[in-house]
Amino acid sequence: MFAGSPLNRLSWLRNSHSFLNSIIASPKSRWLLFKSGNPLTTKTEGKSILAYLSTKDVSPFIGQAPHFGQGRESGLLTSEEQISATEAVRHRGSPIVFLGLHENTSSGSGALPSSEFVDADKAVAKLEGVPYFAMDISDLELEEPAIQATLNETEVVKAGTSLTWLDARSVMTNANLFDGAIFAEARSMVDWNTRNRFCPGCGAKQHSLWGGWKLGCSTLMPWVDNAGRKPCPSGKGLHNFTHPRSDPVVIMLAVDETGEKILLGQNNRFKGQFYSALAGFIEPGETFEDAVKREMWEEAGVKAWDVQYHSGQPWPFPASLMCGFYARADSTQPVRTDLDNELSDARWFTRQEVMSVLTHATGSYLDLAKLAEASSQLNKDANEPPFRVPPTTAIAGVLIKDWAEGKVQFPTFSVNSPKGNL
């Protein structure tokens, strides 16, 4: 879930306001809307799924054209205003993120190199596929009746389907891989645009560039009077002090000396018997392997070695990149959770114990939006599993399942033998 993006992001065309303005007007274009990070959804067969709206549907939210390459006054940038600091600039209205193009792969790639992009309308007409955009409407500061009035005029609602804002973490409950990957890109990018309103170089307001993928300092605009102001340091080099974030996180399972036990932890935030892999952010000056060993020690008092990478997963809450690992550890040594007090419990589970949960009908079923409430009810019903683990839509669930089913193998070792480093 959240990985394997199906979109051609056309990154080499993000700085072209002609391209962006042309493709945004395409009747094929589809939009994901967010409100304070929560996506707009509809229901199909009782399940909430992402709602994709047309440009016509969202026009009251995105404002008047041009949407990119906006000049000082209404209209496009003049030739004098077109400098590197105003490439595809959007300084009126809330940021819009161009996510990419879902191409018609049956007829080959329809993407164009920038060298062929001369006439925007003709070039866009040659593109085969569906363009995707995203926007968070919370910055518009609209009253709820005004928002609802706009949504009531969408094609989806007129067709008899209701639209609702869904808690973002609940998306993974019903989303397919296609929707999950688009959602991850969209939510991380609209969140990044929302969080970074001011220039980290000088504190002035920032505006959107490059279809939402770059932020520029307002003092670099060619029409701004900077008399008496110290030049912003972002005016040198790439003109971009704030790049879209991907915060690396290590998430790991320790496998014991027999290969038949794994260490799982119970986070203080969640009530009941919910256990998962240990995890933590990578700190400056660390490798992935360093972070795995540090986090295992800080959270559970466990010395780990032989760190092995498994797989990764984007985690758009708001912009983490989960990097999954296995490591070896000695289960004969005591486990302690009183170092950083992040866990309420950590313990070794046998393969049999884990398999009994994975084969249980609700052993790995979780509504993440109601995790604390749901898990507090665990074990009150005799039919409930002894504990729960994450589903395989989360990388922790994949790590647990792959180990339990023997898809990854770990040889036995002597607890008295020298410990490897990697």
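Of 175, 149, 123, the residue with the greatest mean-square motion in the GNM of the chain, using alpha carbon springs below 10 Å, is 149. Computing Cα extents along the principal axes in Å for the structure here picks out one of [x] 67, 54, 40; [y] 98, 54, 53; [z] 73, 54, 45, namely [z]. For region 25-101, the Kirkwood estimate of hydrodynamic radius, built from reciprocal distances between every pair of different alpha carbons, is 14.5 Å. Cysteines of the chain lacking any other cysteine Cβ under 4.7 Å from their own Cβ: 323.
The mean accessible area for residues of the chain, using a 1.4 Å probe and ignoring ligands and nucleic acids, is 48 Å² per residue. Couplings 3J(HN,Hα) for region 209-225, derived from phi with the Karplus relation 6.51 cos²θ - 1.76 cosθ + 1.60 (θ = phi - 60°), are 10, 6, x, x, 9, 8, 10, x, 6, 5, 6, 8, 5, x, 9, 7, 8 Hz, where x marks Gly and Pro. Summed over all non-identical Cα pairs, the Kirkwood treatment of region 152-288 gives a radius of 20.0 Å. In this rough spin-label picture, where each label sits 7 Å from Cα along the Cβ direction, the residue 225-residue 43 distance is 5.7 nm.
With Rh defined as the Kirkwood radius, the inverse of the mean 1/r over Cα pairs, the Rg/Rh of region 1-70 is 1.01. So what's the net charge close to residue 28: Lys and Arg +1, Asp and Glu -1, counting the other residues with Cβ under 15 Å from its Cβ? Residues near residue 28 contribute -2 overall. The portion of the accessible surface of the chain made up by carbon and sulfur, rounded to a whole percent, is 51 (1.4 Å probe; DNA, RNA and ligands excluded).
Toward the positive end of the charge dipole of the chain, with +1 on the Cβ of Lys and Arg and -1 on the Cβ of Asp and Glu, the farthest Cα among 395, 76, 145 is that of 76.
Computed from backbone phi, the HN-Hα couplings of region 321-330 come to 10, 7, 10, x, 9, 10, 9, 9, 7, 9 Hz, rounded to whole numbers (Karplus: 6.51 cos²θ - 1.76 cosθ + 1.60, θ = phi - 60°; Gly and Pro given as x). Counting only the Cα atoms, region 237-348 fills a convex hull of 125 Å³ per residue.
In this simple spin-label approximation, residue 236 and residue 340 carry label points 7 Å from Cα along the Cα→Cβ vector, and these lie 3.6 nm apart. Using the Karplus relation 6.51 cos²θ - 1.76 cosθ + 1.60 with θ = phi - 60°, the per-residue 3J(HN,Hα) values for region 140-155 come to 6, 6, 8, 6, 4, x, 5, 5, 5, 4, 5, 5, 5, 8, 6, 4 Hz, with x marking Gly and Pro. Along the axis of the charge dipole computed for region 183-338 (Cβ charges of +1 for Lys and Arg, -1 for Asp and Glu, origin at the Cα centre), the listed residues 312, 234, 278 are led at the positive end by 234. Estimated purely from DSSP H runs of n ≥ 4, each contributing -39500 (n - 2.57), the mean residue ellipticity at 222 nm for the chain is -6500 deg cm²/dmol once divided by its residues. The value of relative contact order for region 1-94, using C-alpha pairs under 8 Å at least six residues apart, is 27 percent.
Kindly express, to the nearest 10 degrees and within the range 0 to 90, the angle between helix 395-404's C-alpha long axis and the longest C-alpha principal axis of the chain. On a 0 to 90 degree scale, this one is about 30.
Working from label points 7 Å from Cα in the Cα-to-Cβ sense, the residue 350 to residue 409 distance is 2.3 nm.
The values are calculated or read from the model by the stated rules, or taken from the named source; none is laboratory data. For clarity, every value in this text was computed on a predicted model and none was experimentally measured. Counting neighbours? That spans all protein chains shown, and the Cβs are built from the backbone with ideal geometry, glycine included. Quick note on the areas: whole protein, heavy atoms, side chains included, nothing else; ligands and nucleic acids left out. Shrake-Rupley method; radii C 1.70, N 1.55, O 1.52, S 1.80 Å.
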